[in-house]
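What follows is a set of notes on a single structure, which appears directly below.
The values are calculated or read from the model by the stated rules, or taken from the named source; none is laboratory data. Worth saying up front: this structure is predicted, and the values here are computed from it rather than measured. So basically every Cβ, Gly included, is an ideal-geometry build from the backbone, and we count neighbours across all protein chains shown. For accessibility, only protein heavy atoms count, side chains too; no ligands or nucleic acids. Shrake-Rupley method; radii C 1.70, N 1.55, O 1.52, S 1.80 Å.
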Amino acid sequence: MTNFIFNDGDSVAQIRDEIASLAAKFIAEEGAEYGTAKRRAVKQLLGNQKLNGNILPDNAQIEQQVREYQALFFADSQPARLLHLRQLAALLMQELAQFNPYVIGAVFNGTAGEHSDIHLHLYTDNSKDVAIFLLNLGIDYEVSEHQGKRGEALETLSFLYKNEGVHLLVHDIDDLRHTDKNERGSLANLQTLIDQQ
């Protein structure tokens, strides 16, 4: 693909749309994370030019572009893949009910594709209880640490469940009050999405 030429006549909105469109392609075809896809799209389209922050598309714009890309190129496979991941997520959430599970990301918002994993947020008084619970089920997991929105360290347990990648981000129980309810779904919310599909 040729580099996008940054002329004076190009509006910020046009450039933002180009970045969002290319980032969506990376997400849909390769399973790239939003931040990575956005950086790759900027580099490919604009090279090493200095950018103002207002030129970058937000995640909502990229998510919409992912939906459109999937509708164009993956309409025959993406809905079945999404349903499969949502059903697995629902099974997992039932098993993990004592840890207040919520589904997030592509499985929740409907953009899950071939390369998507299941991401769940858990809320508990003791993160070690989640690890013990998984060990008792015979699930081998890897532990990593991520930074939460308020700068706190959050443990993530990652494993394969029925040949699908799963990532459990473990929060303190008090964090339930501080998270955006539009970015996550309870088991009941997820079941409604499955029924509507």
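Residue check: E183 meets all listed conditions (1) open to solvent by 90 Å² or more (accessible area, probe 1.4 Å); (2) over 18 Å from Y102 (Cβ atoms) but one, namely (2). Each residue in region 112-124 was checked for being in contact with a helix residue (DSSP H, G or I) (Cβ under 7 Å, 6 or more places away or on another chain) and surrounded by fewer than 22 Cβ atoms within 10 Å (Cβ to Cβ), and 6 pass. Inclusion of D129 among residues that are farther than 26 Å from K25 by Cβ, in a helix (DSSP H, G or I), of a type in the set (D, E, K, R) and open to solvent by less than 30 Å² (accessible area, probe 1.4 Å) is not warranted. Counting the residues of region 83-111 that are in a strand (DSSP E or B) and surrounded by fewer than 22 Cβ atoms within 10 Å (Cβ to Cβ) gives 1.
Can you work out which of the residues in region 112-125 that are within 21 Å of K149 (Cβ to Cβ) and assigned to a loop (DSSP other than H, G, I, E, B) is modelled with the lowest pLDDT? Per the stated criteria, the residue is D125. The residues of region 133-175 that are in a helix (DSSP H, G or I) and open to solvent by less than 90 Å² (accessible area, probe 1.4 Å), listed by number, are F133, L134, I173, D174, D175. Scan region 125-148 for residues that are touching a residue at least 24 places away in the same chain (Cβ under 8 Å) and out of contact with any Leu (no Cβ under 9 Å at 6 or more places or on another chain) and the total you get is 3.
Scanning region 99-144 for residues that are of a type in the set (D, E, K, R) and out of contact with any Gly (no Cβ under 6 Å at 6 or more places or on another chain) turns up E114, D125, K128, D129, D140, E142. Within region 176-197, the set of residues being free of Cβ contacts under 8 Å to residues at least 24 places away in the same chain and either outside any helix (DSSP H, G or I) or in contact with a Phe, Trp or Tyr (Cβ under 7 Å, 6 or more places away or on another chain) (or both) comprises D180 only. Hey, does region 67-80 have a residue that's crowded, with 17+ Cβ neighbours inside 10 Å and within 21 Å of R184 (Cβ to Cβ)? No, every residue in region 67-80 fails to be crowded, with 17+ Cβ neighbours inside 10 Å and within 21 Å of R184 (Cβ to Cβ).
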